[in-house]
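> I'd like to ask you about the structure that follows.
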Amino acid sequence: MNSRSLRAGVLAAGRGERLRSRPSDLKPLVRIGDQTLIEHVLNSMAAAGATEVVVIINEESGAVRDHVARNNWPFALRCIVETTPTSMHSFLRLVEALAADGNQGPFLLSTVDTVAGPKAYANFMERARAQQVAMTLALTSPGNDEKPLLVRLAAGESRIATFGEGEYATAGVYAVRPDVLREAEAARRDGIDALRKFLARLLDRGYPLAGIPISRSVDVDRPTDIEAAETFLRTARI
């Protein structure tokens, strides 16, 4: 396989209840400008050079699978249909799928509700490939996120020193190596119920994690975030 090939995954299995105006609404299909959320993410992955993308959706989201299947993407696309109990479970399920044949990554993973500039994912992955760490996190300013996961970098370094405080927040975009799967079984057994708790566990157990600041991004969680994302995209260049 080409050493520059890129496997990627999209976390789209959440219910997105805060963004729904009707119970039947599906978060990945919320429109931001002329594209749905999931189209924005998939196009960002295409710009980063993705050769294969795996999307995880829940069992109520068949319309999401049908929607993305209608597009002619420049990468192989497949879906995992599984109602996972937490974001951590979805994250690990994607990493397991991407690494199933022994590929060592790094893999590009993104939440479905991250809206970034047209080159943000590509620039992030270019820099993340040089990091010899288990995981690299894209970082942004905390903005108006209700519950940002704050990050502090070690002074003068890209190494993450701590979670829960700091000038940056995670942006929902990750470069992940299969090393993190060594913690998967124990984390599930111990009842870790959120991705942010899994990240903290990795750091506590000595896994090297890095952070790379990217140009601004918008986390679309609430109806008011839609207008903010559309305004951002009208001026975003990178």
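> Give me the residue from the range 133-144 that is more than 15 Å from the chain's Cα centre (by Cα) and at pLDDT 95 or above and, out of that set, nearest to ALA97 (Cα to Cα).
That would be ALA134.
> Looking at ALA171, ALA184, ALA175, ALA120, can you tell me which residue is buried (at least 21 other Cβ atoms within 10 Å of the Cβ), under 20 Å from ALA13 (Cβ atoms) and modelled with pLDDT of 95 or more?
ALA171
> Can I ask one more? Please work out if VAL133 is within 30 Å of ARG31 (Cα to Cα), aliphatic (A, V, I, L, M) and in contact with a Lys or Arg (Cβ under 9 Å, 6 or more places away or on another chain).
no
> I need every pair where a residue in the range 29-48 that is surrounded by 21 or more Cβ atoms within 10 Å (Cβ to Cβ) has its Cβ under 6 Å from the Cβ of a residue that is among the polar types (S, T, N, Q), sequence separation at least 6 or different chains.
VAL41/SER110
> Separate question: Kindly list the number of the only condition in (1) open to solvent by less than 20 Å² (accessible area, probe 1.4 Å); (2) farther than 23 Å from VAL218 by Cα; (3) out of contact with any Ser or Thr (no Cβ under 8 Å at 6 or more places or on another chain) that fails for TRP73.
Status for TRP73: all satisfied but (1).
> How about the range 187-238: which of its residues are open to solvent by less than 80 Å² (accessible area, probe 1.4 Å), polar (S, T, N, Q) and either over 20 Å from THR140 (Cβ atoms) or in a helix (DSSP H, G or I) (or both)?
Answer for the range 187-238, where residues must be open to solvent by less than 80 Å² (accessible area, probe 1.4 Å), polar (S, T, N, Q) and either over 20 Å from THR140 (Cβ atoms) or in a helix (DSSP H, G or I) (or both): just THR231.
> Any chance you could count how many residues in the range 41-69 are of a type in the set (A, V, I, L, M, F, W, C), touching a Leu at 6+ places or on another chain (Cβ under 9 Å) and closer than 12 Å to LEU109 by Cα?
8
> Is there any pair linking a residue in the range 60-80 that is closer than 19 Å to SER44 by Cβ to one that is assigned to a helix (DSSP H, G or I) and open to solvent by 40 Å² or more (accessible area, probe 1.4 Å), with Cβ under 8 Å and at least six apart or on different chains, and which?
VAL64/LEU29; HIS67/LEU29; LEU77/ALA69; CYS79/ARG65
The values are calculated or read from the model by the stated rules, or taken from the named source; none is laboratory data. Just so it is clear, the structure is predicted and the values come from calculations on it, not from any experiment. Counting neighbours? That spans all protein chains shown, and the Cβs are built from the backbone with ideal geometry, glycine included. Surface accessibility is based on the protein's heavy atoms, side chains included, excluding ligands, DNA and RNA. Shrake-Rupley method; radii C 1.70, N 1.55, O 1.52, S 1.80 Å.
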